[in-house]
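Shown next, in structure tokens, is the structure this report addresses.
The values are calculated or read from the model by the stated rules, or taken from the named source; none is laboratory data. Note that this is a predicted model, so its numbers are computed, not measured. Positions of Cβ are generated from backbone atoms using ideal geometry, with glycine treated the same way; all protein chains shown enter the neighbour counts.
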Amino acid sequence: MQPDDENFLRQTFALARAARAAGHRPFGAVVADAAGIVAEAGSTQTANGDPTAHAEMNALRRAMAVVPRARLEGATLYASNEPCAMCAAAAFYAGVARIVFGFPEEKLRPLRNRTAAGAGIGLSCRAVLARPARKVEVVGPCLEDEAALLHDGYWSEATA
Amino acid sequence: MSRTTDDRDLALLRQAIAVSAAAAASGELPFGAVIAARDGTILARATSTEISTGDWTCHAETNAVRDASPRIDRRTLAQATIYASAEPCAMCASAIFYSGIRRIVYGFGETKLRQMLATRAETTGLGFSCREVLAHAAAPMDIHGPCLEAEAAAVQARYWNATSR
């Protein structure tokens, strides 16, 4: 991790807690570079709304709306949780140089799979990003114990 | 779960290919998608809007999912099919899965599309077939394609071989 990485990652944890408190899934994401935060978002995905509105997707779309691609090519996507296949691909398309994540997909998967609505796609973001010539650097899991707390008691039929 | 493609599927896929041609004519990337209910009723139509929005996640299939999901109940989507002029990428395949749509019919295949774009570094894709991505999904998906590939390929070739691009 680089010097600011922990700070930005902890900001994604705060966004995940806020998303959960607002009735959404406990995920947060930040797009940032050396100049600071470009965009940030929590998950706003709901069963009857936009199923693509994951935290990372929301943050990347906001970032693309506010800064030119050239800046994103020097930016990092921070995610409280390892980005799913959709969000890893979105990061590639948005052009970010790096991804730094907290909790790993392989440990979230058994939690999510407790609920029909939460069951997802079991691919690591490194696997999704392995093939193109243009590489996205992936760093994680990071601060995993802190990131794990975001999911504490969340993934049950009553809440997820 | 699997349902073989029939004439209605091919007619709906032709609509998606027509949408892709209209997208190219309007200055967007040449991709189109149609979502139809089990009885063939069209629920959503979308083109790529990457060029006009500068949002590189606005692929046709993802746009169609974002349009349909808030309006259409999950039971209808669970019985619906998405028709895509070209094979959905890893992002769109995932978005389709998350929407609850479980059936995909596509035109032009990802392998051939990648070959067509191989000389253009900025457009190279992730190199995943949608079947490969969705083999990891928590529910089975019913995927058909390439279908009507010559018709779908003609739109792609017209766009990517144009000297002005």
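Report whether or not B:THR76 is without any contact (Cβ under 8 Å) to a residue 12 or more places away in the chain, over 16 Å from the mean Cα position of the chain (by Cα) and surrounded by fewer than 21 Cβ atoms within 10 Å (Cβ to Cβ). When the stated conditions are applied, B:THR76 does not pass them.
Conditions (1) more than 13 Å from every other protein chain (Cβ to nearest Cβ); (2) touching a helix residue (DSSP H, G or I) at 6+ places or on another chain (Cβ under 9 Å), marked per residue:
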site: A:LEU72; (1), (2): no, yes
site: A:TYR93; (1), (2): no, yes
site: A:ILE99; (1), (2): yes, yes
site: A:PRO104; (1), (2): yes, yes
site: A:ARG112; (1), (2): no, no
site: A:PRO141; (1), (2): yes, yes
site: A:GLU144; (1), (2): yes, yes
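Scanning the stretch B:59-101 for residues that are of a type in the set (D, E, K, R) and either facing chain A (nearest Cβ under 10 Å) or part of a helix (DSSP H, G or I) (or both) yields B:GLU61, B:ARG66, B:ASP67, B:ARG71, B:ASP73, B:ARG74, B:ARG75. Filtered by the rule that a residue be in a loop (DSSP other than H, G, I, E, B) and charged (D, E, K, R), the stretch B:10-50 gives B:GLU28, B:ARG38, B:ASP39.
Looking at the stretch A:47-63 only, could you name the residues that are more than 9 Å from every other protein chain (Cβ to nearest Cβ) and either among the basic types (Lys, Arg) or over 14 Å from A:SER80 (Cα atoms) (or both)? Answer for the stretch A:47-63, where residues must be more than 9 Å from every other protein chain (Cβ to nearest Cβ) and either among the basic types (Lys, Arg) or over 14 Å from A:SER80 (Cα atoms) (or both): A:ARG62, A:ALA63.
Taking the stretch A:1-39 as the range and being among the hydrophobic types (A, V, I, L, M, F, W, C) and over 18 Å from A:VAL66 (Cβ atoms) as the test, the residues that pass are A:MET1, A:LEU9, A:PHE13, A:ALA14, A:ALA16, A:ALA18, A:ALA19, A:ALA21, A:ALA22, A:PHE27. A count restricted to the stretch B:141-165 and to residues that are within 14 Å of the chain's Cα centre (by Cα), under 21 Å from B:ARG3 (Cβ atoms) and either among the hydrophobic types (A, V, I, L, M, F, W, C) or modelled with pLDDT under 90 (or both) stands at 4. Pairing residues of the stretch B:1-12 that are under 17 Å from B:PRO146 (Cβ atoms) with residues that are in a helix (DSSP H, G or I), at Cβ distances under 9 Å and at least 6 apart in sequence or on separate chains, gives B:THR5/B:LEU13.
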